[in-house]
Each structure stands twice: as C-alpha cells, then as structure tokens.
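> Before anything else, here's the structure in question.
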Amino acid sequence: MTVTLTFLALLMAGFVAWLFSHSVNVRPWVAGSSETARRTQVPEWVTAPRMGLMVLLATVTSVFTLIISAYLMRMEMGADWHPLPDSALLWFNSALLVLASVALHGAWRAARQDAVERVRHLLIAGGGLSALFVVGQLLVWRQLAVEGYYLATNPANAFYYLLTSLHGLHLLGGLVAWAKVFRRLQRGGEPARLRSGIELCAVYWDFLLLVWVVVFALLLKT
Amino acid sequence: MAEREYDASSHAPPAEVGEMELVHPRTFIGKYIWSQDAKVIAIQYGLTATAIGLVALVLSILIRLQLGFPNSVSLIDPASYLQHVTMHGMIMVVYLLTAILLGGFGNYLIPLMCGARDMAFPYLNMLSFWTYLLSVLILVAGFFVPGGSSGAGWTLYPPQSISPGTPGVDGGIVLMLVSLAVFIIGFTMGGLNYVVTVLQARTRGMTLMRLPLTVWGIFMATVMALLAFPALLVAALMLLMDLLLGTSFFMPEMLAMGEITEREGGSPLLFQHLFWFFGHPEVYIVALPAFGIVSDLLAVHARKNIFGYRMMVWALIIIGVLSFVVWAHHMFVSGMNPYFGFLFATTTLIIAVPTAIKVYNWVLTLWRGNIRFTVPMLFAIGFLFTFVNGGLSGLFLGNVTADVPLSDTYFVVGHFHMVMAVAPIMVIFGAIYHWYPKMTGRMLNDTLGKIHFWVTFLGTYLIYYPMHFIGLEGVPRRYYAYGETTFISDSVQTLNAGITIAAIIVAATQLLFLFNLAWSYFRGRESGPNPWQATTLEWQTPHTPPRHGNFGDALPVVYRWPYDYGVPGAKDDFIPQNVPPEAVEYLDGAHATGKGAT
Ligand code: HEM
Ligand SMILES: [Cu+2]
C-alpha cells in the first residue's frame, strides 16, 4: 500500500495547502464583499472542463496505484510468481503511444493557431496511432497466449492482462471522446469549444502515456 | 422573502461566474425522466435509494424474526439467512446511505447552496443517476437467479465468497460484484460534478469560508469517495477474475469439497487490505455529509451561529485525510504483525480527536441557544446521542486487546449500527423534514413527525443497546442459530425476542413516515419560501420549489457567512447570506446590546 499512500499523501498535501492558503487569516463571520470574494474563486484559466479532467485523472490514478500496490504485495506473498518475458513488440507499441501523444499535442498547438487543416491531419494521426497501439497490445496478448502464458497460469500473467486491459479500456474511452471532437471538427464547430476538446484529449493522452510507462517499467523490472 | 430590494451590483466585483447554458426541456419526459436538472436528479436518487432501502429494511426484519423467534418463519433457512444479511448490509451502506447522501442531498443542495444554476456537467449528472439505477437493478436481479443472491457477507471476503458451498456463488456474487462496479462508475460521474461545482460554480461573494457546513461535508465526502471507491472497484474486478477466469489473486491453495483446488499462492489478506482501504473511508463517506448537515440543522433551529466554524471545516478535512490510514483496524484478527496493529490502533484513536472537537462544538452551539424543538431539531439531537454512543464503543474496538475477543460478535453489530447506521439515518430524516418544504412547497405533518422521531429514536436504543451485552457474552454475528452453546446464557434468547419486537415496531413506524411524505405532498400546510427563517441561499430562491436554473434572472450575491442568527442588535434574528451590510435593519438605538444570542 506504500505506493497508494504516497500518491494520496501528495494529493492531499496539495489540496490541504491550497485550502489552507484560502482559509488562513479569513474571518468568516465578518460580512462584506469584494476582495476576499475575488481571491477565493479559482483562477480564470481553471475552467470547469479542465478541472473535471483533473479530478477524473486523480480518480483513475487511484485505480492504477491500487492495482500496482496489489501487484507489489502479491509478488511478495506467494512463492508462485514467474515473471513474463519481455516482447519486442511492446517497445514498438510504446513508440506508437508516444507518437500519438506528440500528434495530439501538435493538434492542440495547431488549434490555437486556427490552422484547421493541420488540426485535422494531426487529429487523425493521433487517433490512428492510438488505434494501432490497441491492436498492437492485442497482438502481444496473442503472442503470450501462443507461448503458453495464459491468464490463469500465473499471478504475474493475471496482473499483466488486468493492467493492460484496463489501460486499453481507458484508451478506448479516450477514443470515444476523440471521435466526438473529430465530429465537431468535421461539422465546423465553434473554434473555442474545439480547442478545449482537443486540449483535453492531449492531456488525457499524456496521462495514459505516463500510466503506460509506469506499467511497462514495472513489467520490465519484475 | 426573496423580493428584498437593493442594488447588488455596486458592492460586488464584476461577474466572475459566467452564466451557464441550460437545457430547458418542454415535455414531461424531458423534465422529469431524462432530466438534467440537479434537483430532479436528486429526487430520482432519493426515491430509488428509498425504494431499495425498504427492501433492505424488510430483509432486516426477516433476519430479526429468525434471531428472535428461531424457526418461526419457514421462509428462512441457514442459506437464505446469510443471503439476507449480506444483501441487507450491502444495500444499506452503499445503495441507500451513500446514494441518498451524495446523490440525493448532494445534487439538491450543492448548486442551491453555492448559488449556482445547476451542476457543472448536467448531462453527466443525468447519466450518473441512470447508471446508479442500473446498478440497483443488477443487484436486485441477484434475488432471482438460480442459487439466489450472495451470502458472503457485505465484506465479500474470499475464499469464502467465491468458493463452492457459499450461497449465491453461482450467480448472485457475480451480479453483486458487477453491480458494485457499475455503481462506482455512476458515482464517479456524479462525484466529478459535486467537486467541480463546489470549486468552480460558486456565486459572487461565496468564498470557501462562507460555504455552509453541509456543502463542506458533502464536498469532503465526495473527494474521499472518488479516491476510496477505486479500491472497491479493483477488489471487485480481481475477485471476479478469480471466480470466472480462474486466476489466483486472492484464492489460495485449499481444500474445497474434499478436493484440492488447482490454484496456489493467492492471498485473502490482499483482498482485506483492498476492501478496507475502501471500507473504512466509506464509513466517513456517509458520516461527513451527515456531520455537515447536522451542523446546519443545529444552527438554524437553535438560532445561533455554529460554534467554531473554521475548526469545524478543518476537523472535516483532517478526519477525511486520517481515515485513509486506519483501515487495518478491521483486520486486527487477521494475524498481522502486532506492531502494525499498534500503529493502526494509534491512528484510529487519533481520529477521535477531531471527531470529539466536532461533538463539543455541536453541544456548544446548542448551549444557551434559542432552541426550537422542531422535528428536524429533534432528529439532529437524536443524532448527537446515537453518534456519541457509537463513538464510545468504537474506542473500545479501536484497541487491539479489546477488539480481539469482541471481533465478529454482536458488540460489533451494536457498535456499527449506532455509529454508521442509525446516526446518519437520523440526519437523513432530519434533513428530509428540514428541506421537504423547499422541495415541495409544503410542510410535513408535525405530529406524525414527532411520533416518527420518538419511536425511531427510542426504538433504536431498544434494538442496539442490548446487542452490546449479547456481544459481550460472545454471541457471534452472521449465525443462523446458536445450537447448544454453553457460553450463551438463556436470557440471550429473551433479549433477542425483545429486540425483534422493537425492530418490527420501528420498521412499521417508517411506513408512517412514508405516508407523511405522500400525504403532505397534497395536503400539507403551505410552507412559504423560508419556513425555518434560515439564512442559506436555497431559502432565498424566487420560487418554491425552485425552478430549473434555481435563482430566476440574476444569481444572488453573497455578503456574509451562513450563520448570522441572533446577531446582536439586528431587528430580525437571522440575516440571509445575500443581504448586504447596508440593508440590515437594526433595532432603534439598540446597537450591540448583546441580546441576540439568548
Ligand atoms: C431497522 C433497522 C435495522 C435493523 C433491525 C438491522 C438489523 C441487522 C441485523 C440483525 C444484522 C445481522 C447481524 C448478523 O447476523 O451478523 C445486520 C447486519 C448489518 N447491518 Fe443492519 N439493521 C438495520 C439498519 C441498518 C442500516 C441503516 C445500515 C446502514 C449502514 C445497516 C448496516 C448493516 C451492515 C453493514 C450489516 C452487516 C452485514 C454483514 O454482516 O455482512 N443496518 N443488521
Ligand atoms: Cu474502520
């Protein structure tokens, strides 16, 4: 549980510090308006969708850190842990995901410059690469199964399948959002909303990349 | 009330809160079924939770009948007894309390109390309810599959829960785990809304330190739930894989039905860690909203400002944070390292400090208050009693040496019902009596309410108090019958019969409450916009019940905290949050006579 607790401690420390800065020296019982009122609203750039995404990512991080905690605990608990072999394909998949992330960042930049054509191309690239990543992950599953590393043969396998499928599901969820943004683009939607949608996708992809890096590292190390 | 005339614009900073676009449906279905209005969603949550809660209530009566009058009801056999206990516990904790406090009161009160038009993401909010409903239906389906619902206990401990021989292992347990996963997804959608709305959509002047404690409680509970429910999700998914796909996350090598299973190495302890990493915060997920609501009930009905507002806020936050580091006090008997147990006993006892601070502050709020013994106030005071009571027995259980012999006895059942079942339920009742006028425009019947309170309050003592004594004798929980057991004296059976009779009376009284809800909806006295003379924004809306968008043309502007009751020298004994300092009327020449509070 150390991993989970560390994550929570960091999160809570940030949260508590923020609250503290907004509550220290405040005398709530004093009536009046203006200054204090202005100060404790969140800054303007923290829009509702941005904040919503952050809260969602905190929740998803909680899911993954808990599985990783369980992974590390289970590794110690039974004498039956046999690590999986590393597959070259995994490196290839990782590269795909990095490129997808880069492409979406490009799309985000292009969106800020209102370069609609470039946005379209980069969005397609980002979505396509991500879809390829999912296919690649499925291929790794097949490879493992062919070599006899079934889900139930070993807890290391079970964790591998669990982590990759959850990661994949989150990516598919991301692709649904991606598709919505893309449709909005095709219909020539309002640029501001488009920009916000692309930005959220780019951040979400970064997050999933980070999760994947951690999962992959865990797999290589153990 | 709401038509106070003043020019707000000159006192406040320019609009920092942008207007929201709201979907205003015209049809009945758009308004009340696929509604995106948080107030409608709140009522949908509330009604669904009440309906499934009634199922759990009936189950508890079945359990009690078996315990009080063994073998009198032929419907109950050892297997179905365990199934009833399991469904009862799970429904009450997750599908009733969590859903009604966060989904129900959270949705109704957060936008109104923060001065927002609606939740930040109304569409997601609607999805949240429908996902919750789906999870309830999946859970209920468990009653009807072959083999019935799960009998594993609400704690779902493997290997028991998924081993052959446990009731419901063929289908019920799968449905329960899937239902939990669906519930968590639905909750996350709602939870995002609650957090973002509180942080983002507060109206002008509504600083963090001017939020009513109700909002603080619900907000903190939501933050905790968003971080703790994932543990249950992970545990449920892994347990499902163990059951359906033959993995061994939790399943050790063991002898089942005379055969050695194929698995090896799995760790039931791992499940316990995950489960209680969710399970303990869950206690506070239902407690913190109750803490918040009860603070407001006490302040309004005692006509006093809440004692130590900032301390109350920080106590909520500290309790929330600490509750993530006490989970292993549920595992003292799991054979863990004694030093570990000592550590967790210590953290557990430390939580008692902020909790005790809250209790003192509540009592000090009442001290010399101008108490109005309305029904909400009665329930709030009832909460103080049951909560303190359950908290004290919790101090016993928090100590390893006392917990080991008491573990899994009726002492524990008595303790947790007092502290996490009855106490929050008291607040929920109080809150319904308090906000029903805002939701419907009519008052609930007072006489029926008082009968409801006294029977429920005294009845719960008759039910749970004796359980502590039964537990001290060592009577174990989750047993269908005790057989010939020498350490259990005969009087236990007498007590059990008495408890059952009390339980039946209490349960019947809840029907009276339901009748009151329905009858008052059509026949209740008209309440007007602010029957309790409260200061918070939900009572200042131009319409009662508030329409979609809550506040008519312009959002209110907030000038003060929500606890301006009995302000010395002021003419009225309460000043709503949206009244600017200049508009407050003072008694002639009676500035600061110090009279207000007494
Ligand atoms: C009229 C009200 C209630 C009565 C008479 C009642 C009675 C009981 C009884 C007799 C048991 C079984 C004890 C055993 O054999 O182990 C039980 C278990 C339980 N109850 Fe209640 N209860 C009531 C309300 C609630 C509420 C409101 C909650 C919400 C927190 C709740 C939560 C639980 C839990 C978590 C369990 C443990 C289930 C398990 O062992 O898996 N109960 N209740
Ligand atoms: Cu606990």
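The values are calculated or read from the model by the stated rules, or taken from the named source; none is laboratory data. Here the structure is a predicted model, which means the values were calculated and not measured. Neighbour counts are summed over all protein chains in view; Cβ atoms, including those assigned to glycine, are modelled from backbone coordinates with ideal geometry. In case anyone asks, the SASA skips ligands and DNA or RNA and just uses the protein heavy atoms, side chains included. Shrake-Rupley method; radii C 1.70, N 1.55, O 1.52, S 1.80 Å.
> State all residues of segment A:108-141 that are closer than 30 Å to B:Ser267 by Cβ and modelled with pLDDT under 90; if no residue qualifies, say none.
Of everything in segment A:108-141, nothing turns out to be closer than 30 Å to B:Ser267 by Cβ and modelled with pLDDT under 90.
> While we're looking at this one, here's another question. Could you tell me how many of the residues in segment B:556-565 are buried (at least 24 other Cβ atoms within 10 Å of the Cβ) and more than 11 Å from chain A (Cβ to nearest Cβ)?
Counting residues in segment B:556-565 that are buried (at least 24 other Cβ atoms within 10 Å of the Cβ) and more than 11 Å from chain A (Cβ to nearest Cβ) gives 1.
> Another question about this same structure. When you go through A:Leu194, A:Leu144, A:Leu175 one by one, which is the residue that is of a type outside the set (Lys, Arg) and modelled with pLDDT of 95 or more?
A:Leu175
Each row is one residue, and each column tells you yes or no for (1) on the phi > 0 side of the Ramachandran plot; (2) small (Gly, Ala, Ser); (3) in a helix (DSSP H, G or I); (4) more than 16 Å from ligand 2 (Cβ to nearest atom).
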{"site": "B:Arg372", "(1), (2), (3), (4)": "no, no, no, yes"}
{"site": "B:Val388", "(1), (2), (3), (4)": "no, no, yes, yes"}
{"site": "B:Leu395", "(1), (2), (3), (4)": "no, no, yes, no"}
{"site": "B:His415", "(1), (2), (3), (4)": "no, no, yes, no"}
{"site": "B:Met420", "(1), (2), (3), (4)": "no, no, yes, no"}
{"site": "B:Tyr436", "(1), (2), (3), (4)": "no, no, yes, yes"}
{"site": "B:Lys450", "(1), (2), (3), (4)": "no, no, yes, yes"}
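> A further question on this structure: Among the listed residues B:Ala299, B:Ala231, which satisfies the condition of being modelled with pLDDT of 95 or more, away from ligand 1 (no atom under 16 Å from the Cβ) and not assigned by TED's automatic domain parsing to the domain that holds B:Asp170?
Testing whether each residue is modelled with pLDDT of 95 or more, away from ligand 1 (no atom under 16 Å from the Cβ) and not assigned by TED's automatic domain parsing to the domain that holds B:Asp170 leaves just B:Ala299.
> Taking segment A:42-74 as the region of interest, how many residues are at pLDDT 85 or above, among the hydrophobic types (A, V, I, L, M, F, W, C) and open to solvent by 50 Å² or more (accessible area, probe 1.4 Å)?
Result for segment A:42-74: 3.
> Just to be sure, is B:Thr486 under 30 Å from B:Val584 (Cα atoms) and hydroxyl-bearing (Ser, Thr, Tyr)?
Judged against the criteria, B:Thr486 is not a match.
> What about B:Gly89, is it of a type in the set (Gly, Ala, Ser) and within 16 Å of ligand 2 (Cβ to nearest atom)?
The answer is yes for B:Gly89.
> Among the residues that make up segment B:540-549, is at least one of them within 30 Å of B:Gly414 (Cβ to Cβ), part of a helix (DSSP H, G or I) and away from chain A (no Cβ under 14 Å)?
Scanning segment B:540-549, I find no residue that is within 30 Å of B:Gly414 (Cβ to Cβ), part of a helix (DSSP H, G or I) and away from chain A (no Cβ under 14 Å), so the answer is no.
> A further question on this structure: Pick out the one residue from B:Ile381, B:Ile351, B:Ile357 that is open to solvent by less than 20 Å² (accessible area, probe 1.4 Å), at pLDDT 90 or above and of a type in the set (Val, Ile, Thr).
After ruling out the rest, the residue left standing is B:Ile351.
> Return only the number of the condition from (1) within 16 Å of ligand 1 (Cβ to nearest atom); (2) away from every other protein chain (no Cβ under 14 Å); (3) of a type outside the set (A, V, I, L, M); (4) farther than 30 Å from B:Ile575 by Cα that B:Pro289 does not satisfy.
(4)
> Right, here's the next one. Which of the residues that make up segment B:330-340 are touching an Asp or Glu at 6+ places or on another chain (Cβ under 9 Å) and away from ligand 1 (no atom under 16 Å from the Cβ)?
B:Phe332 - this is the single residue of segment B:330-340 that is touching an Asp or Glu at 6+ places or on another chain (Cβ under 9 Å) and away from ligand 1 (no atom under 16 Å from the Cβ).
> While we're here: Cβ contacts < 9 Å: first residue more than 7 Å from chain B (Cβ to nearest Cβ), restricted to segment A:23-38; second residue modelled with pLDDT of 80 or more and buried (at least 17 other Cβ atoms within 10 Å of the Cβ), any location; separation 6+ or different chain. Result?
Filtered contacts from segment A:23-38: A:Arg27/B:Met209; A:Val30/B:Arg560; A:Val30/B:Trp561.
> Further question: Which one of these is within 10 Å of chain B (Cβ to nearest Cβ) and in contact with a His (Cβ under 9 Å, 6 or more places away or on another chain): A:Phe7, A:Phe15, A:Phe64?
Of the residues listed, the single one that is within 10 Å of chain B (Cβ to nearest Cβ) and in contact with a His (Cβ under 9 Å, 6 or more places away or on another chain) is A:Phe64.
> Does A:Ser165 satisfy the criteria of being out of contact with any Asp or Glu (no Cβ under 7 Å at 6 or more places or on another chain) and under 22 Å from A:Val102 (Cα atoms)?
The answer is no for A:Ser165.
> Within segment B:477-511, can you find the residues that are buried (at least 18 other Cβ atoms within 10 Å of the Cβ) and outside any helix (DSSP H, G or I)?
B:Tyr480
> So which of B:Ile61, B:Ile110, B:Ile43 is at pLDDT 95 or above, more than 21 Å from B:Arg477 (Cβ to Cβ), surrounded by fewer than 21 Cβ atoms within 10 Å (Cβ to Cβ) and of a type in the set (Val, Ile, Thr)?
B:Ile43
> Could you list, in sequence order, the residues of segment B:307-341 that are away from ligand 2 (no atom under 15 Å from the Cβ), touching a Leu at 6+ places or on another chain (Cβ under 8 Å) and at the interface with chain A (Cβ under 10 Å from one of its Cβ atoms)?
B:Tyr309, B:Val313, B:Ile317
> Among the residues of segment B:101-155, count how many are assigned to a loop (DSSP other than H, G, I, E, B) and more than 21 Å from the chain's Cα centre (by Cα).
Adding up the residues that qualify gives 17.
> Further, regarding this structure: Tell me, yes or no, whether segment B:214-228 has at least one residue that is over 30 Å from B:Phe307 (Cβ atoms) and more than 7 Å from chain A (Cβ to nearest Cβ).
no
> Name the residues in segment B:185-212 that are in a helix (DSSP H, G or I) and over 24 Å from B:Lys39 (Cβ atoms), would you?
The one that is in a helix (DSSP H, G or I) and over 24 Å from B:Lys39 (Cβ atoms): B:Met209.
> What pairs come out if I take residues in segment B:512-531 that are loosely packed, with under 14 Cβ neighbours inside 10 Å and pair them with residues that are in a loop (DSSP other than H, G, I, E, B) and not aromatic (Phe, Trp, Tyr) whose C-beta lies under 8 Å away, six or more apart or interchain?
If the second residue must be in a loop (DSSP other than H, G, I, E, B) and not aromatic (Phe, Trp, Tyr), the pairs left are B:Arg525/B:Met443; B:Glu526/B:Gly441; B:Glu526/B:Met443; B:Gly528/B:Met1; B:Gly528/B:Thr544.
> Continuing with the same structure: B:Asn370: closer than 30 Å to B:Leu227 by Cβ and either more than 16 Å from ligand 1 (Cβ to nearest atom) or within 14 Å of chain A (Cβ to nearest Cβ) (or both), yes or no?
no
> Then there is this: Any residue that is of a type outside the set (Phe, Trp, Tyr), open to solvent by 10 Å² or more (accessible area, probe 1.4 Å) and farther than 30 Å from B:Phe105 by Cα - is there at least one of those in segment B:270-286?
yes
> So for segment B:315-331 (the condition being assigned to a loop (DSSP other than H, G, I, E, B) and open to solvent by less than 30 Å² (accessible area, probe 1.4 Å)), does at least one residue qualify?
yes
> Just give me the residues in segment B:229-251 being surrounded by fewer than 19 Cβ atoms within 10 Å (Cβ to Cβ) and either of a type in the set (Val, Ile, Thr) or within 8 Å of chain A (Cβ to nearest Cβ) (or both), in sequence order.
B:Leu245, B:Gly246
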